[in-house]
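The values are calculated or read from the model by the stated rules, or taken from the named source; none is laboratory data. Predicted model, so just to flag it, every value in this text is computed and none were measured. So basically every Cβ, Gly included, is an ideal-geometry build from the backbone, and we count neighbours across all protein chains shown. The accessibility values were calculated without ligands, DNA or RNA, using every heavy atom of the protein model including side chains. Shrake-Rupley method; radii C 1.70, N 1.55, O 1.52, S 1.80 Å.
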Amino acid sequence: MGDYLEAEIKLFWEYVKTNAAARSKSSRMPAQAIKLYYLPPSPPCRAVMMTARTLGLDLNLVLTNIMEGAHMTPEYIKMNPQHTVPTMDDNGFILWESRAIMAYFVNAYGRDDSLYPKNPRLRAVVDQRLNFDIGTLFPRYIDVYMPVLFKGEEMSQEAVDKLNEALGWLNTIMEGKTFVAGDNLTIADISIVITFTNLDAFDYDFSEYENLTQWFERTKKALEPYGYMEIDHAGGQILASFLKKD
Ligand SMILES: N[C@@H](CCC(=O)N[C@@H](CS)C(=O)NCC(=O)O)C(=O)O
């Protein structure tokens, strides 16, 4: 009887393992790894890479050094006339704009829709946050740091005030919420956390926005198993080293 039970348990575990393996190689996974043209510290590239990790999606990473013009070759411009990284090639299907790539990954390969809900109202809130990110938060962060990073200019107080205004709005939106679009981690958190990782690496003081500081800690923890340190934190540190060079 003991031997029989042992054999049954062994069979059961074989069954569980085979199914897990089959699930992880389900038809929702691409036949061949998706190519991602990227540069490690690039904020939108980091967001796409963490989304892929969260979904268990293998990427064929193609280093594209925009500092050396690798994005301005005729081949690259033929693929993406806007010559930006990240750009994705999923077996001939080309896409750029990080937030569009993240949404595509979940739609095409997510085992469920939790990172980008199908429910129209839940998805609308995620979309609102993503639009707030691309249209307001990220550009205001850029206006504070790009003149300092790449033109050696002084930080503009006006730009800082505008960034703080956006942080204040997000802090209010976050009242009583676990993640930016509600109870669950979504691609909006993955997109928005990149800016906070950079602000943190640049020693920008956002401690007065308590909902945001708590959300930042929570989101870092949630993304830790999916490459937060090696992808996002490391990228922020590279950018900070440019800032602190002189
Ligand atoms: N909104 C785009 C921004 C992409 C972008 O501007 N990427 C920068 C690097 S972080 C780039 O490729 N710059 C080179 C260029 O625009 O020629 C996204 O989220 O993917």
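Of all residues in the range 180-196, those being open to solvent by less than 10 Å² (accessible area, probe 1.4 Å) and in a loop (DSSP other than H, G, I, E, B) number 2. Taken together, the residues in the range 33-56 that are among the charged types (D, E, K, R) and touching a helix residue (DSSP H, G or I) at 6+ places or on another chain (Cβ under 7 Å) amount to 2. The residue pairs whose first member lies in the range 110-126 and is open to solvent by 50 Å² or more (accessible area, probe 1.4 Å), whose second member is in a helix (DSSP H, G or I) and of a type in the set (Lys, Arg), and whose beta carbons are closer than 9 Å, counting only pairs six or more residues apart or on different chains, are Arg111/Arg23; Asp113/Arg123. Restricting to the range 128-142, name every residue that is free of Cβ contacts under 8 Å to residues at least 12 places away in the same chain and in contact with a helix residue (DSSP H, G or I) (Cβ under 8 Å, 6 or more places away or on another chain). The answer is none; no residue qualifies. The number of residues in the range 25-62 being away from the ligand (no atom under 13 Å from the Cβ) and either open to solvent by 40 Å² or more (accessible area, probe 1.4 Å) or in a strand (DSSP E or B) (or both) comes to 15. Within the range 112-135, none of the residues are at positive phi and either more than 15 Å from the ligand (Cβ to nearest atom) or in contact with a Lys or Arg (Cβ under 8 Å, 6 or more places away or on another chain) (or both).
Scanning the range 186-242 for residues that are among the acidic types (Asp, Glu) and farther than 23 Å from Tyr38 by Cα gives Asp203, Asp205, Glu208, Glu210, Glu217. Checking each residue in the range 202-215 for being open to solvent by 80 Å² or more (accessible area, probe 1.4 Å) and among the polar types (S, T, N, Q) picks out only Gln214. Filtered by the rule that a residue be exposed (fewer than 12 other Cβ atoms within 10 Å of the Cβ), assigned to a loop (DSSP other than H, G, I, E, B) and more than 10 Å from the ligand (Cβ to nearest atom), the range 71-103 gives Pro81, Asn91, Gly92. Condition first: hydrophobic (A, V, I, L, M, F, W, C) and surrounded by 12 or more Cβ atoms within 10 Å (Cβ to Cβ). Now tell me which residues in the range 127-154 satisfy that. Across the range 127-154, the qualifying residues are Leu130, Phe132, Ile134, Leu137, Phe138, Ile142, Val144, Met146, Val148, Leu149. Only one of the numbered conditions (1) surrounded by 18 or more Cβ atoms within 10 Å (Cβ to Cβ); (2) in contact with a Phe, Trp or Tyr (Cβ under 9 Å, 6 or more places away or on another chain); (3) assigned to a helix (DSSP H, G or I) is not met by Arg218, and that is (1).
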